[in-house]
Amino acid sequence: MTNDAVLHTEGLTRRFGGLVANNNIAIQIHRGQLHAVLGPNGAGKSTMINLLSGDLRPSTGHIFFDGQDISGFSADRRSRMGIGRSYQKTNIFPTFTVFENCRLAAQSREPHPARIFSNALSYRTVCEAAERAIELAGLAHRAQRHANTLSHGEQRQLEVAMVLATSPNVLLLDEPLAGMGAEESARMVELLQRITPDHGILLVEHDMDAVFAVAKVVTVMVNGEVLESGSPEQIRGSAQVQVAYLGAEDEHHG
Amino acid sequence: MNRASDVGEPVLGAAAPAETRLLRREVVLPLFALVLLAFVPIVGSAFYTEVVTRVMILAIFALSLDLLVGYTGLVSFGHAAFFGIGAYAYALLSPKNEAASLWLTLPAAIGAAAIAAALVGVFVLRTRGIYFIMVTLAFAQMFYFVFHDTDFGRGSDGITVNFKPDLKLGDITLIDLGNSNQFFYFVLAMLVAAFLFLRTVLASPLGRALHGIKVNEHRMLSLGYHVFGYKLASFTIAGTLAGFAGYLSAVQSGFANPEILSWHQSGNVLLMIILGGTGTLYGAIGGAFVFALLEQVFEALTVHWQLLLGLTIILLVLFLPGGLSEFVARVIRKPVREHADDE
């Protein structure tokens with residue numbers, strides 16, 4: 001199967017004992033396109049991100065990055081290839097400053113482990129990449145603060161800043177907006193729109209307004225399977241999705 | 001000291017006056033200690049000069065372990081193996097009836113410790129946490145019995161070296177290591193060098209990455225770091241430095257026996273850095289001195305001195321979990337060190 005997607009899967013399946021968390025998933029992420037994944041809790045969205053990032057290995061099925069089968073590659077190797085991810089549960093270096101969190105992330109692109117007599121802060125490109133990511137994520141005023149003194153929302157911003165600092169081609173973002181205030185959310189949505197042209201982005205998110213504002217393709221997952229995939233309009237109009245997910249949501253909101 | 005407030009300093013530019021004052025304290029206090037140490041051979045007896053020399057060698061050993069425990073998050077219970085290998089390499093390479101050359105034996109000892117640490121590291125670093133502690137202990141015990149039970153290491157008596165190694169350039173003796181005062185200053189210089197070396201390494205990209213691994217190994221993997229390789233580098237550097245300390249120890253004592261790589265020795269050096277506080281480097285040095293001091297004091301008091309030592313350590317861990325360096329940090333009103341909450 002020829003495929004111009006930067007990241008795509010074939011028959012991706014992951015079982016936890018008897019539970020099939022991801023069943024036969026085929027998903028495509030194209031450069032310059034934001035692909036959102038919706039689904040109720042337990043639909044297998046995070047499992048899918050973990051499979052794509054290499055935090056989990058698939059039970060069966062394949063993952064292709066630029067046409068290469070990376071199903072067996074470790075998480076660090078995939079990161080070095082250009083697949084960056086953020087975590088749903090904030091996963092930062094709490095005792096480091098915001099700057100050092102991002103500098104360490106940027107350093108992963110030119111690690112120089114053998115230069116043990118050089119000062120890590122003397123690498124201009126690394127420091128600049130870190131500062132740029134901090135700026136993009138809207139944390140410039142917090143650069144010197146220790147990460148564990150940030151508010152929850154700011155830590156979520158840092159989570160995204162760290163991914164950006166690694167200059168990935170593909171971003172896998174696991175609920176980046178969860179816990180952010182309205183202002184930060186708006187800022188993050190704007191950021192996503194700004195970086196989408198040069199990146200392939202997979203966005204797992206519960207915030208419907210944000211998803212429909214930024215996504216070009218929306219995939220809805222239910223019970224570990226893809227229910228439907230299409231443009232935001234198609235998904236909005238889909239009876240199947242209405243019943244399985246959006247319908248329930250609408251009722252919920254009255 | 002690798003405090004987090006140092007991290008990323010250039011972005012802000014000029015340091016605040018309060019920080020300058022702290023920085024001055026950070027420099028002045030160790031320099032003061034260094035000057036005090038330098039006076040030991042002048043004012044103290046030959047006995048105390050030798051005792052302090054031994055403690056400084058142990059301080060280098062403790063520094064090497066702090067790189068693992070305090071900065072990489074790897075609690076090794078077998079670090080004495082590399083100390084012992086350094087010592088045995090020296091003893092085995094020293095001829096019976098004449099002095100060995102330091103230029104030959106020192107690189108050989110350091111090289112042997114480095115190779116051993118890299119090989120052991122490849123295996124033990126596949127485990128983590130309590131398993132890592134146990135597997136490092138197992139490897140160290142293996143080395144212990146290799147030297148204890150074979151002719152190669154001359155059994156439980158070990159090997160005696162009759163001559164101190166030469167430190168010569170051409171025909172000129174640079175330092176007479178047989179002279180206990182000269183040896184003292186040589187070891188003091190090596191302690192300072194080891195400290196500065198580790199400080200430099202910790203500020204390098206490697207050191208920063210190691211610290212990241214200690215704080216959040218999972219995220220380091222996800223950021224694309226080859227975590228295993230980094231841990232192996234740390235384990236090898238630490239083992240090599242331990243081998244260097246072992247070499248100095250054997251030069252001083254004139255022998256290498258299995259006891260120096262026993263699990264007691266691995267435990268003692270762990271206690272030193274726990275006493276002093278891990279992840280500060282200063283703590284490792286201070287811990288070595290305090291440990292030796294407690295040993296001397298309690299030994300003079302009672303034959304059950306180990307009981308007192310154990311109780312002291314339990315109390316210290318209970319009331320001062322960051323060790324003595326945390327106490328000192330509180331006294332000079334420094335902000336709490338950055339990874340008091342790492343563990």
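Beta bridges from DSSP with both residues in chain A: antiparallel share about 50 percent, rounded to the nearest 5.
Scattering from the protein assembly as shown was approximated by placing one identical point on each alpha carbon and applying the Debye formula without solvent; log10 I(q)/I(0) at 0.07, 0.09 1/Å stands at -0.52, -0.78. For the range B:150-158, 3J(HN,Hα) computed residue by residue from phi via the Karplus equation (6.51, -1.76, 1.60; θ = phi - 60°) reads 10, 5, 3, x, 6, x, 6, 6, x Hz, glycine and proline entered as x.
Taking Lys and Arg as +1 and Asp and Glu as -1, the other residues whose beta-carbon sits under 13 Å from that of B:Ser253 total 0. Per-peptide packing, taken as the mean over residues of other Cβ atoms within 10 Å, places B:180-188, B:247-255, B:46-54 in the sequence B:247-255, B:180-188, B:46-54 from highest down. Taking the longest Cα principal axis of chain A as reference, the axis of helix A:182-195 is set at about 90 degrees.
Normalise the Cα radius of gyration of chain A by 2.2 N^0.38 Å (N = residues in it) and let me know the number.
On the way: Rg = 18.4 Å, N = 254, 2.2 N^0.38 = 18.0 Å.
Working it through for chain A, the quotient is 1.02.
Taking every residue in A:118-130 and counting other chain Cβ atoms within 10 Å of its Cβ, the average works out to 3. Counting pairs of alpha carbon atoms under 8 Å apart in space and at least six apart in sequence, what relative contact order in percent does chain A give? Taking the mean separation of contacting Cα pairs over the length of chain A, I get 27 percent.
So, in Å, what gap is there between the alpha-carbon centers of the range A:51-118 and the range B:166-217? When both Cα centres are located, 34 Å separates them. For the range B:170-275, the ratio of Cα radius of gyration to the globular rule of thumb 2.2 N^0.38 Å stands at 1.37. With a sphere of radius 14 Å drawn around the Cβ of A:Phe117, what net charge do the other residues whose Cβ falls strictly inside it have (Lys, Arg +1; Asp, Glu -1)? Summing Lys and Arg as +1 and Asp and Glu as -1 gives +3.
What are the DSSP H helices in chain B that stretch 18 Å or more along their long axis, judged by alpha-carbon atoms, and whose average Kyte-Doolittle hydropathy comes to at least -0.5?
Numbers: long enough: B:17-38 (31 Å, 1.05); B:46-69 (34 Å, 1.78); B:80-93 (19 Å, 1.66); B:102-124 (32 Å, 2.17); B:129-149 (30 Å, 1.37); B:180-203 (34 Å, 1.68); B:227-253 (39 Å, 0.97); B:263-276 (20 Å, 0.99); B:282-301 (28 Å, 1.35); B:305-319 (21 Å, 2.47).
Length and hydropathy pass: B:17-38, B:46-69, B:80-93, B:102-124, B:129-149, B:180-203, B:227-253, B:263-276, B:282-301, B:305-319.
Based on DSSP H segments of at least four residues, each scored -39500 (n - 2.57), the protein assembly as shown has a per-residue ellipticity at 222 nm of -17500 deg cm²/dmol. Once the trypsin sites (Lys or Arg not before Pro) in DSSP loops with at most 14 neighbouring Cβ atoms within 10 Å are cut out of chain A, the longest remaining piece is A:116-215.
Compared with the dominant Cα axis of chain A, that is its longest principal axis, helix A:124-136 is turned about 50°.
Taking 45 Å as R0, compute the FRET efficiency from the Cβ-Cβ separation of A:Arg132 and B:Phe32 and round it to 0.05.
It comes to 0.55.
Shape verdict for the range B:4-331, please, from the Cα gyration tensor: rounded (a/c under 1.5), prolate (a/b greater than b/c) or oblate. Note, shape of the range B:4-331 comes out rounded. Projecting label points 7 angstrom from Cα along Cα→Cβ for A:Ser118 and B:Asp151 puts them 5.2 nm apart. Averaging the sequence gap over all C-alpha pairs within less than 8 Å and six or more residues apart, then dividing by the number of residues, gives the range A:1-130 a relative contact order of 21 percent. Relative contact order for the range B:4-331: 29 percent, from Cα pairs under 8 Å spaced at least 6 residues apart, divided by residue count. So what's the convex hull volume per residue for the Cα atoms of the range B:249-313, in Å³? Spread over its residues, the Cα hull of the range B:249-313 gives 105 Å³ apiece. Rounded to the nearest 10 degrees, the angle from helix A:98-107 to the longest Cα principal axis of chain A is 80 degrees.
For the listed residue pairs B:Lys168/B:Lys231; B:Lys96/B:Lys231; B:Lys96/B:Lys168; A:Lys89/B:Lys214, the alpha carbons are over 29 angstrom apart in B:Lys168/B:Lys231; B:Lys96/B:Lys231. On the beta carbon distance between A:Arg77 and B:His218, with R0 = 22 Å, the FRET formula returns roughly 0.90.
Each reported figure results from applying straightforward, stated rules to the coordinates on display, with no laboratory input. Since the structure is predicted, the reported quantities are computational estimates derived from the model, not experimental observations. Every residue, glycine as well, gets a Cβ built from its backbone with ideal geometry; the counts of neighbours run over all protein chains shown.
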